[in-house]
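**Student:** After the C-alpha cells below, expect a handful of questions from me.
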Amino acid sequence: MPHQKKILLSDDNEEFRTLLQEFLHEHGDFHVVHVKKGHEVIDAVHRHQPHLLLLDFMLSHKSGLHVLRKLRENGCN
C-alpha cells in the first residue's frame, strides 16, 4: 500500500460519503478514511496524515470553515 494516496473525507451525509468513497476506490489508487463530524477532522488529520482533505462546508457540530481555521492554527497547511 505504499503508493496509495490517502484522502480524508469528512461529510455527514452517509449516502454521498459512500458514493464518493466508492468512486475514489474504483477510479484511482486511493485509501479513503472518513469521518462524519467536524470535531473528528482535526484528530483524524494528525492520526492519518492524508495527502488530501475533502471537507464538507456544512458539517454537524463544527462548520468546515471552523475546522480549516483550527487546522491552520495548528500548523497544518
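The values are calculated or read from the model by the stated rules, or taken from the named source; none is laboratory data. Because the structure is predicted, anything quoted here is derived from the model rather than measured. Using ideal geometry, Cβ is built from the backbone for each residue, glycine included, and neighbour counts are taken over all protein chains shown. Note: accessible area is taken over every heavy atom of the protein model, side chains too, but ligands, DNA and RNA are not part of it. Shrake-Rupley method; radii C 1.70, N 1.55, O 1.52, S 1.80 Å.
**Student:** Being farther than 20 Å from THR18 by Cα and free of Cβ contacts under 8 Å to residues at least 40 places away in the same chain is the filter here; which residues of the stretch 41-65 pass it?
**Tutor:** First pass over the stretch 41-65, keeping only residues farther than 20 Å from THR18 by Cα: 42-43, 46-47, 49, 61-63, 65.
Residues satisfying the conditions are ILE42, ASP43, HIS46, ARG47, HIS61, LYS62, SER63, LEU65.
**Student:** Here's a check for you: in the stretch 1-40, which residue that is aliphatic (A, V, I, L, M) and in a helix (DSSP H, G or I) is most open to solvent (accessible area, probe 1.4 Å)?
**Tutor:** Pass one, the stretch 1-40, residues aliphatic (A, V, I, L, M): 1, 7-9, 19-20, 24, 32-33, 35.
After this cut, where a residue has to be in a helix (DSSP H, G or I) as well, the list is 19-20, 24.
Numbers: LEU19: 112, LEU20: 40, LEU24: 23 Å².
It comes out as LEU19.
**Student:** Pairs only if they're at least six apart or on different chains, beta carbon under 6 angstrom, first in the stretch 23-40 and within 21 Å of LEU59 (Cβ to Cβ), second assigned to a loop (DSSP other than H, G, I, E, B); list them, first residue then second.
**Tutor:** Qualifying pairs under 6 Å: LYS36/ASP12; LYS37/SER60; LYS37/HIS61; GLY38/LEU59; GLY38/HIS61; GLY38/LYS62; HIS39/HIS61; HIS39/LYS62.
**Student:** Suppose we keep only residues that are touching a helix residue (DSSP H, G or I) at 6+ places or on another chain (Cβ under 8 Å), of a type outside the set (Lys, Arg) and open to solvent by 60 Å² or more (accessible area, probe 1.4 Å) within the stretch 57-77. Which one would you say is modelled with the lowest pLDDT?
**Tutor:** Restricting attention to the stretch 57-77, the residues satisfying the condition of being touching a helix residue (DSSP H, G or I) at 6+ places or on another chain (Cβ under 8 Å) are 57-64, 66-67, 70-71, 74, 76.
From what's left, of a type outside the set (Lys, Arg): 57-61, 63-64, 66-67, 71, 74, 76.
So of that shortlist, the ones also open to solvent by 60 Å² or more (accessible area, probe 1.4 Å) come out as 57-58, 61, 66, 74.
Values: PHE57: 85, MET58: 81, HIS61: 71, HIS66: 86, ASN74: 81.
Per the stated criteria, the residue is HIS61.
**Student:** Let me ask something else about it. Kindly evaluate ARG47 against the criterion of being open to solvent by 70 Å² or more (accessible area, probe 1.4 Å) and out of contact with any Gly (no Cβ under 6 Å at 6 or more places or on another chain). Can you show your working first?
**Tutor:** Values: open to solvent by 70 Å² or more (accessible area, probe 1.4 Å): yes; out of contact with any Gly (no Cβ under 6 Å at 6 or more places or on another chain): yes.
Spelling it out, ARG47 is indeed open to solvent by 70 Å² or more (accessible area, probe 1.4 Å) and out of contact with any Gly (no Cβ under 6 Å at 6 or more places or on another chain).
**Student:** So is LEU54 surrounded by 13 or more Cβ atoms within 10 Å (Cβ to Cβ) and either of a type in the set (Asp, Glu) or at pLDDT 85 or above (or both) or not?
**Tutor:** Numbers: surrounded by 13 or more Cβ atoms within 10 Å (Cβ to Cβ): yes; either of a type in the set (Asp, Glu) or at pLDDT 85 or above (or both): yes.
Yes: the conditions hold for LEU54.
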